[in-house]
Each structure stands twice: as C-alpha cells, then as structure tokens.
Amino acid sequence: MSYYFSKVLDDSFEGAIEKVTRELKEEGFGILTEIDVKETFKKKLDVDFRKYRILGACNPKMAHQAISAESKIGTMLPCNVIVQETEDGKVEVSAVDPVASMTAIQNEKLGGIAQEVRSKLETVINRLS
C-alpha cells in the first residue's frame with residue numbers, strides 16, 4: 001500500500017503551491033503550517049537542497065471528528081502535502097494517504113474519517129494540472 005498520492009506538474013514551484021493551496025481550500029482544508037525545507041537546511045546545516053516545501057493541511061471538521069474518536073490522533077495531524085522540485089525541473093505535489101497511516105491505530109471509528117479525508121486529498125491531487 002502506498003502512503004501518498006502524487007502528481008508531477010509542468011509549472012513553477014510557486015505556481016504549484018498556489019494551485020494546491022487553492023484546491024485544498026475547495027475541499028475544506030486550510031494550511032496551518034508551511035516548512036521551507038530548502039531554507040531550513042541552508043540555515044541549520046549550511047547544505048544546499050532543492051526546493052521542497054511541506055504544507056500542513058487541516059480540514060477542521062475532519063480533525064475534530066478524528067480527535068473526538070481518538071485523543072492521540074493529533075500526533076498524526078495535520079495532513080502533510082509536499083511540493084518539491086524534481087531533477088528535470090518540474091514540480092511534484094504529493095499528499096499523505098491517511099488510510100495508510102491510520103492502519104497502525106486500532107480504532108474502528110477512524111476508518112470512515114480516514115476514507116473521507118483520503119477522498120478529498122485524492123481529489124485535490126487529481127485536479128492539479
């Protein structure tokens with residue numbers, strides 16, 4: 001089982017971030033955190049790295065349902081979406097598959113929530129062009 005969904009775009013890095021942010025919003029997600037891995041590696045390690053950004057996406061309704069069903073599920077939130085530069089100059093957008101990550105948790109109440117979040121994140125990735 002794959003733990004992510006992914007799509008390669010022929011777009012600029014910033015353009016891809018704008019598109020995925022817009023599509024996430026359409027599915028009820030907001031961006032809670034944004035980590036610029038390239039900048040962090042340069043600052044903390046003095047290492048040059050490709051453009052790579054982690055977007056911490058959250059759908060408040062789904063997060064509330066999940067935390068209500070399993071109090072420690074917050075350790076696995078928010079849903080991470082990455083935007084990264086590929087070797088050939090394109091941009092890849094990937095989103096976590098929450099169903100894959102939820103298999104480690106023995107709580108039947110999370111299954112339907114994870115499926116719904118999965119569907120929304122798959123929709124986001126599939127609509128990117």
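Side notes on the structure shown:
- Index of the failed condition, A66 passing every other in (1) touching a Gly at 6+ places or on another chain (Cβ under 9 Å); (2) within 16 Å of E122 (Cα to Cα); (3) part of a helix (DSSP H, G or I); (4) aliphatic (A, V, I, L, M): (2)
- Selection count where residues are in a helix (DSSP H, G or I) and either of a type in the set (S, T, Y) or touching a residue at least 40 places away in the same chain (Cβ under 8 Å) (or both), scope the stretch 70-85: 1
- Residues satisfying the stated conditions in the stretch 1-35, i.e. in a strand (DSSP E or B) and either hydrophobic (A, V, I, L, M, F, W, C) or out of contact with any Pro (no Cβ under 8 Å at 6 or more places or on another chain) (or both): Y4, F5, S6, K7, V8, L9, I31, L32, E34, I35
- Residue list for the stretch 86-129, filter: small (G, A, S) and in a helix (DSSP H, G or I): A100, S101, G111, G112, A114, S119
- In the set (1) of a type in the set (S, T, N, Q); (2) at pLDDT below 95; (3) surrounded by 14 or more Cβ atoms within 10 Å (Cβ to Cβ), the condition left unmet by T21 is number (2).
- Residue list for the stretch 37-66, filter: touching a helix residue (DSSP H, G or I) at 6+ places or on another chain (Cβ under 6 Å) and surrounded by fewer than 18 Cβ atoms within 10 Å (Cβ to Cβ): V47, F49
- Residue check, F41 free of Cβ contacts under 8 Å to residues at least 12 places away in the same chain and either more than 19 Å from V117 (Cα to Cα) or out of contact with any strand residue (DSSP E or B) (no Cβ under 9 Å at 6 or more places or on another chain) (or both): yes
- Meets criteria (over 18 Å from S6 (Cα atoms), surrounded by 18 or more Cβ atoms within 10 Å (Cβ to Cβ) and touching a Leu at 6+ places or on another chain (Cβ under 8 Å)) for I73: yes
The values are calculated or read from the model by the stated rules, or taken from the named source; none is laboratory data. The structure presented is a predicted model; accordingly, all values stated were derived computationally and were not measured. Note that each Cβ is placed from the backbone with ideal geometry, even for glycine, and that neighbours are counted across all protein chains shown.
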